[in-house]
1. Would you mind working out the magnitude of the charge dipole of region 105-148 relative to its Cα centre, with +1 at each Lys and Arg C-beta and -1 at each Asp and Glu C-beta, to the nearest 20 Debye?
2. Kirkwood-based Rg over Rh for region 155-231 (C-alpha set), two decimals?
3. List the equivalent ellipsoid semi-axes of region 104-183 in whole Å, largest first, each obtained as the square root of 5λ for an eigenvalue λ of the Cα gyration tensor.
4. Beyond 22 Å, what percent of the Cα pairs of region 108-255 remain?
5. Once neighbouring chains are kept in place and the probe is 1.4 Å, which whole percent of the accessible area of region 177-229 is contributed by carbon and sulfur?
6. Compute the accessible area per residue over region 94-251, keeping the other protein chains in place, probe 1.4 Å, unit Å².
7. Give the residue from SER199, ALA185, GLY163 lying farthest towards the positive end of the charge dipole for region 138-223; charges sit on Cβ (+1 for Lys and Arg, -1 for Asp and Glu) and the dipole is referred to the Cα centre.
8. Search the structure for amide H atoms under 5 Å from the amide H of GLU70, placed 1.01 Å from N in the peptide plane, and list their residues when 5 or more places away or on another chain.
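The values are calculated or read from the model by the stated rules, or taken from the named source; none is laboratory data. Being a predicted model, the structure only gives us computed values, none of them experimental. All Cβ positions, glycine included, derive from the backbone under ideal geometry; neighbour counts span all protein chains shown. Keep in mind that these areas ignore ligands, DNA and RNA; they rest on the heavy atoms of the full protein, side chains included. Shrake-Rupley method; radii C 1.70, N 1.55, O 1.52, S 1.80 Å.
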Amino acid sequence: MRRFIGLFASLMWLSACGNSTSSVGLSTRMGSAVTGSSLTRTSSQRLTLSNGITVDRVRLSVRELELKREGHHDDSVSGDDSDAGTSDDKSEHKQRTGSFLIDLSGTALEGQVVRLQDISVDVGTYDEIEFDIGKVDPATAPAALKELADQGASLIIDGHIDGEPFQFVSSLRVEQEREVSFEIAEGDDQNVTFNIDPSGWFTGKDGKRLDPRESSARSELENNLQKSIDAFDDHDRDGGEDDDDNGSHHDGKDD
């Protein structure tokens with residue numbers, strides 16, 4: 001059986017000294033996001049798609065995941081990555097991970113929620129989840145991401161098309177912000193799930209099959225991939241966002 005590997009190479013948290021902390025799990029799931037308390041674990045949705053394509057393994061390079069505390073955002077800062085002129089709130093009310101690998105194969109492709117890692121965060125109310133998927137620098141890449149980094153890749157899909165093996169390597173960048181609303185109390189065991197839905201990856205706008213071996217299909221395939229990745233609060237670990245009526249939304253941004 002092929003193993004599921006989800007490794008954090010490093011974990012950074014920026015928090016005020018003396019604040020109470022609690023645990024948040026990071027999980028992942030392959031399949032359409034669901035509502036309700038149960039999952040339908042049918043491998044046909046993921047492993048063998050309806051157009052003769054089989055997905056055997058999916059690897060993603062996550063550069064960072066960030067949780068933001070309610071009422072403490074740094075939207076007024078000029079420049080996307082600038083630290084200049086920020087208040088203490090910027091360093092006190094964000095919880096960040098370092099870069100890590102999502103590696104899905106075998107039973108991890110069957111639709112269940114699989115736990116990646118636990119992180120320690122400040123207690124309080126959080127209202128935004130952000131993540132950044134992209135390639136990392138080979139010189140500084142953690143060991144788990146070295147293979148992707150050496151190929152300049154943020155995503156690798158291994159599979160078969162009409163019985164023949166293929167490998168799709170992409171350097172696509174996906175940055176997403178999702179508005180949420182959840183409380184983390186001391187001693188809680190909360191959870192954030194990355195959901196990856198492959199059902200539309202290899203289908204073009206005209207309904208025809210996209211062949212991952214053909215360069216002409218790359219742009220449309222990468223667009224489908226960007227739309228298929230989401231992250232949301234999923235504290236009951238059922239594969240669906242906890243409150244679908246809270247006005248949550250996500251904004252994908254491609255660099």
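1. Values: 3 positive and 9 negative charges, 64 e Å.
Value, rounded to 20: 300 debye.
2. Numbers: Rg = 16.6 Å, Rh = 14.8 Å.
Reported Rg/Rh (Cα atoms, Kirkwood Rh): 1.12.
3. On the way: eigenvalues 169, 70, 36 Å².
Calculated on Cα positions only, the semi-axes equal 29, 19, 13 Å.
4. Working: 5558 of 10878 pairs.
Counting every Cα pair in region 108-255, those more than 22 Å apart make up 51 percent.
5. Details: 1000 of 2600 Å².
Accessible surface attributable to carbon and sulfur in region 177-229 totals 38 percent.
6. Working: 6380 Å² over 158 residues.
I get 40 Å² per residue for region 94-251.
7. Of the candidates, GLY163 comes out farthest on the positive side.
8. Answer set, sorted by chain and number: THR125, TYR126, ASP127.
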